[in-house]
Amino acid sequence: MGDTPPRSVDASAGGPGAHSTRAAGAAASSDGPTDNNGRGGGSSLPRAKAFGAEPAFRGLTQASGIMVLVIIVAIAVFLISEAIPALRANQENFFTFNEWHAQSSDPRFGIAAIVFGTVLSAVIALVVAVPIALGIALFLSHYAHRRIATWLGFVIDLLAAVPSVVFGLWGRSVFIEPVRDFSVWLNHYFSWIPLFGGNGPFGNSILLGSLVLAIMVLPIVTSLSREVFMQTPKQNEEAALALGATKWEMVRTAVLPYGRPGVIAAVMLGLGRALGETIALAMTLGSSFIITANVIQNGGVTIASNIANGFGEADDIGRGALIASGLVLFTITLVVNMIARVIIYRRREFTDVAA
Amino acid sequence: MTLLAPEQDVTAGSLHTKRLPAWAALATAVVALALSAALVLGTGIGNWVLVVVLGAVLYLIGFWLAANAVEGPRSARNRTWSALIHSACVLAILPLASVTWTLISNGINRLDGNFFLTSMNNIGARDANGGAYHAIVGTLEQVGIAALITIPLGVLGAIYLVEYGRGKLSLAIRFFVDVMTGIPSIVAGLFVLAFWVLIVSPLFNNGQPQYSGFAAALALSVLMLPTIVRSTEEMLRLVPAPLREGAYALGVPKWKTILRIVIPTALPGIVTGIMLSIARAAGETAPVLLVAGGTAAINFNPFENNQSSLSLFVFSQATDSSRFSPDRAWTAALTLVALVLILTIAAKLLARRNRLTR
């Protein structure tokens, strides 16, 4: 990345930095007349009022902005406050126990199995989705004819807009057939691999959930990576081509290294989405609290699907227990998202300096 | 380094290097498919799907070998990666086509007036009729209330970030707006469950927790707020600074400049962002499931008693055991997708009319 030249192309497409300087200039010029400290002609202008429309409007916007911070803090506070009674009543270790019997009498529950299922399904989904997403992103940014790229990009955006409950319905009643056949086939020929062992029944498995999940995270990873690939400086690409590189060599030496931080961030954001996805998994997974590497047998449960499926019959303690597991999910996704954002912000600072 | 290495067949004396003829790709594909069919069907280890998959793999290998022999390794690699990238697109189109096809073919079964004008009240497992009227009412009310809450809050927050925000506070807000876009919808639902349903609503309801459409609207607001702030902020930044400076030069106060000059200029873009976030909120199921409770009857009052929503209706019908519920689920899903896609496409068309570009 060290040899990336200044990015004039990106200067206008970048983040806040490029524009905020202009906005800052505008702000300074507006604040100028209202302060009286030795500026020429200032004394003849009206003094800034402490209670006028301007401070009121400013305060209103500031309060709205601060609402975001308030909500994030409030989420943590209220989830913790509702989770504590259930955690107190829990008879087992919350982090290492792998079953979920959360009811008022003798509550025993732990998140070992559901965290395992959450991470496993998200990782499989990303392993399937990321190579395909990067392929599509490269196709859209460098391979496709411009008109096809616009059209296909639009279709991918629409794919992102389809509600997850529709993917859940489709996975549950349509996609399950090929996945079940595939699982039986895998089990028949590859049962010596622990991933594909077991004696059935197959179908409502981690594999089905993960594949549906992969289809759902595909558009996010695609559109973010396409954006960074498109920002590759033309000079880098043309230099590579001028040195006699084939198209793929150009992509490998100019586009991919340039886009790497962006792609990592896109994958992290996809991971955040995959970890938190609820309804599609609640509709496709078979719900069993067993920690197993087997991905094709009925079963599998994630934090979010457990909440959606278990909420209906939960009593006070059960609700508290589900909220406690939701707190864990909140923490995990918060960390993943923050890492992704820090990567994006670093890159943005770098590009602003370069520009 | 690989770029500079002299390749004999590329820089060989004549201007024309050897190229793979155009029919070579087709020939390789036919041979690969035939070979794979013979292999798979001959040994009986799979059906036509495996034939296609194995054929594709054999095609890539064979094509690479042919290009390698005729054009050299660099060109062979180039062609193989190009083929892989194109096939990624085909792989992504397949599920989309399948979803679209099943959605339409299954959805039209119950696409009748009865579906849109009746609720599920008193519909038993053996009744074929019943509809989603109550769910549509719920979706519209919840999304509408969420929009009423979020649009002023989000737009004002974005104004703060662009026009007033300086220093650490605005940096922190911007960072957490980005982080908040990634909050899972179920966590937003749990938050409103813990905050509104279990703690605040009992105050108005004789100490009993009150599931309601308004609670669902609150949860949707939590999800919509960051996306609206983000998209509005981006649009406001695109408003040219000379427009603001012109207004300031005429002595217009800053707040009036923002309301009269900046916002109207950026309005099409802001509306696009709002519509996209509304479309996303309309499709959310998990928060509604947790805090609206769900019901089979029509309930126009979002502040009292359980409400349903279209997405929740799809979920409950899909997991129902009645023989007639899948049809209802598919039709409701079709309605939901139509609603969401109409909003999305309208937003995108509006974005095209936006004169502010990067």
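The values are calculated or read from the model by the stated rules, or taken from the named source; none is laboratory data. Not measured: the values here are computed from a predicted model. Here the Cβ is made from the backbone with ideal geometry for all residues, glycine too, and neighbour counts use every protein chain on show. The protein model used for the area step is the full one, side chains on, heavy atoms only, and it has no ligands, DNA or RNA in it. Shrake-Rupley method; radii C 1.70, N 1.55, O 1.52, S 1.80 Å.
Residue pairs whose Cβ atoms lie under 6 Å apart, sitting 6 or more positions apart in sequence or on different chains, and linking a residue in region B:259-270 that is assigned by TED's automatic domain parsing to the domain that holds B:Pro152 to a partner that is open to solvent by 50 Å² or more (accessible area, probe 1.4 Å), are B:Ile261/B:Leu243; B:Pro268/B:Leu350; B:Pro268/B:Arg353. If you go through region A:169-179 and pick out every residue that is facing chain B (nearest Cβ under 7 Å) and within 23 Å of the chain's Cα centre (by Cα), you end up with 2. Determine the pairs where a residue that is in a helix (DSSP H, G or I), located within region B:171-184, has a partner that is open to solvent by 10 Å² or more (accessible area, probe 1.4 Å) and hydroxyl-bearing (Ser, Thr, Tyr) with Cβ atoms under 8 Å apart, the partner being 6 or more residues away or on another chain. Going by the 8 Å Cβ cut-off, the qualifying pairs are B:Phe175/A:Tyr345.
May I ask you to list the residues in region B:193-220 that are of a type in the set (Ser, Thr, Tyr) and open to solvent by 10 Å² or more (accessible area, probe 1.4 Å)?
First, pick out the residues of region B:193-220 that are of a type in the set (Ser, Thr, Tyr): B:201, B:211-212.
Correct list: B:Tyr211 only.
Scanning region B:76-97 for residues that are buried (at least 19 other Cβ atoms within 10 Å of the Cβ) and touching a residue at least 24 places away in the same chain (Cβ under 8 Å) turns up just one, B:Arg79.
A quick yes/no check of all residues on (1) more than 25 Å from the chain's Cα centre (by Cα); (2) more than 7 Å from chain A (Cβ to nearest Cβ); (3) of a type outside the set (S, T, N, Q):
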position	(1), (2), (3)
B:Gly167	yes, yes, yes
B:Leu171	yes, yes, yes
B:Asp178	no, no, yes
B:Thr181	no, yes, no
B:Ser185	no, no, no
B:Leu198	yes, no, yes
B:Pro202	yes, yes, yes
B:Ser212	yes, yes, no
B:Ser221	no, yes, no
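At least 3 residues being open to solvent by less than 20 Å² (accessible area, probe 1.4 Å) is the threshold, and among the helices (runs of 4 or more DSSP H) wholly inside region A:150-245 those reaching it are A:164-170, A:176-190, A:206-230. Of all positions in region A:135-145, at least one carries a residue that is open to solvent by 40 Å² or more (accessible area, probe 1.4 Å) and more than 11 Å from chain B (Cβ to nearest Cβ). Put simply, of A:Ala293, A:Ala274, A:Ala265, A:Ala308 the only residue that is hydrophobic (A, V, I, L, M, F, W, C), more than 20 Å from A:Ala133 (Cα to Cα) and either open to solvent by less than 10 Å² (accessible area, probe 1.4 Å) or within 11 Å of chain B (Cβ to nearest Cβ) (or both) is A:Ala308. Checking each residue in region B:23-56 for being of a type in the set (S, T, N, Q) and either open to solvent by 40 Å² or more (accessible area, probe 1.4 Å) or in contact with a strand residue (DSSP E or B) (Cβ under 9 Å, 6 or more places away or on another chain) (or both) picks out B:Thr43, B:Asn47.
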